[in-house]
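To start, the structure under review is shown below, and the notes come after it.
The values are calculated or read from the model by the stated rules, or taken from the named source; none is laboratory data. No experiment lies behind these values; they were computed from the predicted model shown. Reconstructed Cβ throughout: ideal geometry from the backbone, glycine too, with neighbour counts over all protein chains shown. Only protein heavy atoms, including side chains, enter the accessible area calculation; ligands, DNA and RNA are left aside. Shrake-Rupley method; radii C 1.70, N 1.55, O 1.52, S 1.80 Å.
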Amino acid sequence: MAFWDSLWPRREAQFESGNASTNSIVLSRRHATVSLTKQGALTGNLRVNLSWRMRTSDIEGRSRQSGRLLRPMKLFQPDVVQAHTQGVVNVDLDLGCMYELKDGTKGVVQPLGNLIGDLNVPPYIRLSGDDRFGAPSGETVYVNLDQRDQIKRLLFFVYIYDQTPAFDRTHAKVTLYPGNGPRIEIELDERAPQARSCAVFTVENIKDELIVRREVKFVYGFQSELDRLYGWGLQWGRGYKSRT
């Protein structure tokens, strides 16, 4: 790595590249697509994982640092741990997938409404579970690529269930794990403080080639707004989760 890259560690994430040390491809605005076909990842299950962790707001961080610069002795004092502040928010992110099959069948797989799908019969997509607390394992959706000829297009999205806009307080990442080849990483790193949903990426079957395209488009509404944006044409209603 060049000296300048070490000063700006995020710089290398601007390029779609296979990293030998991490065996990953990072999709960015500049390089937004990758072919699963050319990666040789056309069999088995494609695992799509959402993970996130809460972080303090940038404003809180800047004010704390500037305060320490003005009072140098503060550098040697530990931070005060507070249970509840405006800088830290609990949020429940959910991973979902809208699908359209070659026969025209359309639908959605998501925690809301317990629409978990099925791997062995249409839609060949299944949700593993619902992570409500930002656990390290996150949430995972599986796609049966052995049935790729039945799939026309997929839209993977993330939404905030409790209606608290807090995407700017989370460090969220969606990672694709094909059955073969490097994993593919997409970070939800653009600031959208009032957004409640985000279209993360699409998978399209174009002339028998599966193309993954980074989207990372935030919207202020929920699934129905993402539906209108991508022309899915589904009917949406209010849904709830079961209590834990």
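Which is at pLDDT 80 or above and either open to solvent by less than 90 Å² (accessible area, probe 1.4 Å) or assigned to a loop (DSSP other than H, G, I, E, B) (or both), of Lys74, Lys38? I'd like the intermediate steps shown before the answer.
Numbers: Lys74 fails: at pLDDT 80 or above.
Matching residue, one of Lys74, Lys38: Lys38.
Quick one: is Ser66 at pLDDT below 90 and surrounded by 12 or more Cβ atoms within 10 Å (Cβ to Cβ)? Explain how you work it out, then say what you get.
On the way: at pLDDT below 90: yes; surrounded by 12 or more Cβ atoms within 10 Å (Cβ to Cβ): no.
For Ser66, the condition - at pLDDT below 90 and surrounded by 12 or more Cβ atoms within 10 Å (Cβ to Cβ) - is not met.
Got a number for residues in the stretch 121-139 being closer than 21 Å to Leu176 by Cβ and either at pLDDT 90 or above or not acidic (Asp, Glu) (or both)?
If we filter the stretch 121-139 for residues that are closer than 21 Å to Leu176 by Cβ, which is where we start, we get 123-131, 134-139.
Retained after the next criterion (residues that are either at pLDDT 90 or above or not acidic (Asp, Glu) (or both)): 123-129, 134-138.
Number satisfying all stated conditions: 12.
Just to be sure, is Ala199 under 14 Å from the mean Cα position of the chain (by Cα), modelled with pLDDT under 90 and within 21 Å of Leu27 (Cβ to Cβ)? Write out each step before concluding.
Values: under 14 Å from the mean Cα position of the chain (by Cα): yes; modelled with pLDDT under 90: no; within 21 Å of Leu27 (Cβ to Cβ): yes.
Taking the combined requirement at face value, the residue does not satisfy it.
Can you work out which of the residues in the stretch 156-175 that are assigned to a loop (DSSP other than H, G, I, E, B) and of a type outside the set (Val, Ile, Thr) is modelled with the highest pLDDT? Even if it seems obvious, please write down each step before you answer.
Going residue by residue through the stretch 156-175, those that are assigned to a loop (DSSP other than H, G, I, E, B) are 161-166.
Subset that is of a type outside the set (Val, Ile, Thr): 161-163, 165-166.
On the way: Tyr161: 70, Asp162: 66, Gln163: 58, Pro165: 61, Ala166: 67.
The qualifying residue modelled with the highest pLDDT is Tyr161.
Considering only residues that are modelled with pLDDT of 90 or more and closer than 14 Å to Leu188 by Cα, which ones fall in the stretch 1-35?
Answer for the stretch 1-35, where residues must be modelled with pLDDT of 90 or more and closer than 14 Å to Leu188 by Cα: Val26, Leu27, Ser28, Arg29, Ala32.
Going through Gln150, Gln223 one at a time, which residue ends up being closer than 21 Å to Thr105 by Cβ and modelled with pLDDT under 95? Show your work before the answer.
On the way: Gln150 fails: modelled with pLDDT under 95.
Gln223 is the lone residue from the list that is closer than 21 Å to Thr105 by Cβ and modelled with pLDDT under 95.
What about Glu209, is it open to solvent by 40 Å² or more (accessible area, probe 1.4 Å) and among the acidic types (Asp, Glu)? So that I can check it myself, show each step before the final result.
Working: open to solvent by 40 Å² or more (accessible area, probe 1.4 Å): yes; among the acidic types (Asp, Glu): yes.
Answer is yes for this residue.
Which of the residues belonging to the stretch 101-118 are in a strand (DSSP E or B), open to solvent by less than 70 Å² (accessible area, probe 1.4 Å) and of a type outside the set (D, E, K, R)?
Initial filter on the stretch 101-118 (in a strand (DSSP E or B)): 101, 106-110, 115, 117-118.
Next, from what is left, pick out any that are open to solvent by less than 70 Å² (accessible area, probe 1.4 Å): 101, 107-110, 117-118.
Of everything in the stretch 101-118, those that are in a strand (DSSP E or B), open to solvent by less than 70 Å² (accessible area, probe 1.4 Å) and of a type outside the set (D, E, K, R) turn out to be Leu101, Gly107, Val108, Val109, Gln110, Gly117.
Mind checking which residues of the stretch 212-229 are open to solvent by 40 Å² or more (accessible area, probe 1.4 Å) and without any contact (Cβ under 8 Å) to a residue 60 or more places away in the chain?
Step one: filter the stretch 212-229 for residues open to solvent by 40 Å² or more (accessible area, probe 1.4 Å), giving 213, 217-218, 220, 222, 224-225, 228-229.
If the condition is that a residue be open to solvent by 40 Å² or more (accessible area, probe 1.4 Å) and without any contact (Cβ under 8 Å) to a residue 60 or more places away in the chain, then Lys217, Phe218, Tyr220, Ser224, Glu225, Arg228, Leu229 are the ones that fit.
How many residues are aliphatic (A, V, I, L, M) and open to solvent by 10 Å² or more (accessible area, probe 1.4 Å) when one looks only at the stretch 189-203? Let's see the steps before the verdict.
So in the stretch 189-203, the residues aliphatic (A, V, I, L, M) come out as 192, 195, 199-200, 203.
Filter once more, so that each one left must be open to solvent by 10 Å² or more (accessible area, probe 1.4 Å): 192.
Selection size over the stretch 189-203: 1.
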